[in-house]
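Here is the structure we will look at, set down as structure tokens.
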Amino acid sequence: MKIGLVLSGGVAKGAYQAGFLRAVVDSGIVSSIGSISCASIGLFSGYALSAGKVQKLYDIWQQIHFDSFADLTYEVWFKHYLKELMAEFIRTDDMLRIPVYAPICYVLPFIRMEYCKLYGEYIKTWSKFILGATSYPFISGGIHFFRGQITFDGGAMDNIPVFPLIEFERPDLILILHFESGYRPRRKYLLSGIPVFDFDISIADKFRKHSFDFHSDTLQARLKHGYEYGGELINNLFGGCKASIEEVCAAAQRQRESETDRRLDGATFETWVQRLNEIFYPYVSQFKIKMRDLSVHGGVTRLRLNKEVQRYVN
């Protein structure tokens, strides 16, 4: 069984992902994960899982502490905190053993988006891409460029990027981990022929909001709850005698139904991001979607949005 994993953006809620992925590593199901698609802070999580650096990611989250968003902004702008963090986390000897997909947005000549694939041996464009795909101009320490163009966070247009897995990987099962309790997978994703199940990781922490809360106590709690929820979910889906895709899907459906009443309707930061996605994505889908392969022998694939592809993006 090959699992496709989708990791959404969520700013400080990325700590939940670090805890969850640590449970994934401890459970031993990493070998079943055949592809990852992620956006914004989820790109760091996806990169860590693919590179075998989940513990490193977990340790970094344990070290982070900012009393306020103003303190974080000061460190990012004047002390280059984000770039230093990138230099510590992404190394030239990294090897990505699982394909990682992520969206990036460009400002000029018009607002547009493309997906990029990271896989195999490290190449120097990865750092610039990750910085550009997880940053907003004038918020993340200035303006960032990738391939000579001004970029911003890919999550602004596709914060829960299921499409690359459906179009390029076709796994046996897609698991979406996000922080938007009201999210429902697009109906056309569900019609792709691949079972798709979504889970709000923050359910274990009573859907705590505050996406920009980088206080150490909050992050420690999120790491803990993410790990505990990850262990519970993995055991429920893959534990016991479950071996077939049908059994796993049945377990995922039961888990999903058991959480329905607890998933709240209250708006969070991710709710507004998702609403922006609903506005911008149909606009983006009117153009050719470009897939850029950022690997040693990578190239560019342009998808003409014929009727077959439009089933998933419109």
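For residue 211, the conditions (1) out of contact with any strand residue (DSSP E or B) (no Cβ under 7 Å at 6 or more places or on another chain); (2) farther than 24 Å from residue 73 by Cβ; (3) modelled with pLDDT under 90 are fulfilled apart from (2). For the residues 83, 117, the requirement of being of a type in the set (D, E, K, R) and closer than 18 Å to residue 155 by Cβ singles out 117. Is it the case that residue 46 is surrounded by fewer than 24 Cβ atoms within 10 Å (Cβ to Cβ) and at pLDDT 95 or above? No. Residue 70 falls short on exactly one of the conditions (1) exposed (fewer than 15 other Cβ atoms within 10 Å of the Cβ); (2) in contact with a helix residue (DSSP H, G or I) (Cβ under 7 Å, 6 or more places away or on another chain); (3) among the hydrophobic types (A, V, I, L, M, F, W, C), and that condition is (2).
Of everything in segment 73-105 that is of a type in the set (Ser, Thr, Tyr) and either open to solvent by 50 Å² or more (accessible area, probe 1.4 Å) or closer than 15 Å to residue 136 by Cα (or both), the residue that is modelled with the highest pLDDT is 92. Answer with yes or no whether residue 54 is within 23 Å of residue 153 (Cβ to Cβ) and surrounded by 16 or more Cβ atoms within 10 Å (Cβ to Cβ). Here the answer is yes, as residue 54 does meet what is asked.
Using the structure shown, decide if residue 201 is crowded, with 19+ Cβ neighbours inside 10 Å, touching a residue at least 60 places away in the same chain (Cβ under 8 Å), out of contact with any Leu (no Cβ under 7 Å at 6 or more places or on another chain) and among the β-branched types (Val, Ile, Thr). It is false that residue 201 is crowded, with 19+ Cβ neighbours inside 10 Å, touching a residue at least 60 places away in the same chain (Cβ under 8 Å), out of contact with any Leu (no Cβ under 7 Å at 6 or more places or on another chain) and among the β-branched types (Val, Ile, Thr). Is it the case that residue 86 is aliphatic (A, V, I, L, M) and out of contact with any strand residue (DSSP E or B) (no Cβ under 8 Å at 6 or more places or on another chain)? Against the criterion (aliphatic (A, V, I, L, M) and out of contact with any strand residue (DSSP E or B) (no Cβ under 8 Å at 6 or more places or on another chain)), residue 86 qualifies. In segment 207-258, the residue that is most open to solvent (accessible area, probe 1.4 Å) out of those that are farther than 30 Å from residue 67 by Cβ and not in a helix (DSSP H, G or I) is 241. Note on segment 177-206: among residues that are under 21 Å from residue 220 (Cα atoms) and assigned to a loop (DSSP other than H, G, I, E, B), the one that is nearest to the chain's Cα centre (by Cα) is 179.
Taking residue 108, is it within 17 Å of residue 132 (Cβ to Cβ), without any contact (Cβ under 8 Å) to a residue 60 or more places away in the chain and open to solvent by 70 Å² or more (accessible area, probe 1.4 Å)? Judged against the criteria, residue 108 is a match. Could you tell me whether residue 101 is in contact with a helix residue (DSSP H, G or I) (Cβ under 7 Å, 6 or more places away or on another chain), within 30 Å of residue 289 (Cβ to Cβ), in a strand (DSSP E or B) and hydroxyl-bearing (Ser, Thr, Tyr)? For residue 101, the condition - in contact with a helix residue (DSSP H, G or I) (Cβ under 7 Å, 6 or more places away or on another chain), within 30 Å of residue 289 (Cβ to Cβ), in a strand (DSSP E or B) and hydroxyl-bearing (Ser, Thr, Tyr) - is met.
In this structure, is residue 261 closer than 27 Å to residue 59 by Cβ, open to solvent by 40 Å² or more (accessible area, probe 1.4 Å), part of a helix (DSSP H, G or I) and out of contact with any Asp or Glu (no Cβ under 9 Å at 6 or more places or on another chain)?
Considered against the rule, which asks whether it is closer than 27 Å to residue 59 by Cβ, open to solvent by 40 Å² or more (accessible area, probe 1.4 Å), part of a helix (DSSP H, G or I) and out of contact with any Asp or Glu (no Cβ under 9 Å at 6 or more places or on another chain), residue 261 comes out as no.
Mind checking whether some residue in segment 115-126 is touching a Pro at 6+ places or on another chain (Cβ under 7 Å), surrounded by fewer than 20 Cβ atoms within 10 Å (Cβ to Cβ) and not in a helix (DSSP H, G or I)? Yes - at least one qualifying residue is present in segment 115-126.
Restricting the search to helices (runs of 4 or more DSSP H) fully inside segment 1-96 and requiring at least 1 residues that are over 30 Å from residue 169 (Cα atoms) gives 54-63, 69-78, 81-89.
The values are calculated or read from the model by the stated rules, or taken from the named source; none is laboratory data. Small disclaimer: the values here were computed from a predicted structure and weren't measured. Positions of Cβ are backbone-derived with ideal geometry, glycine not excepted, and every protein chain shown enters the neighbour counts. For accessibility, only protein heavy atoms count, side chains too; no ligands or nucleic acids. Shrake-Rupley method; radii C 1.70, N 1.55, O 1.52, S 1.80 Å.
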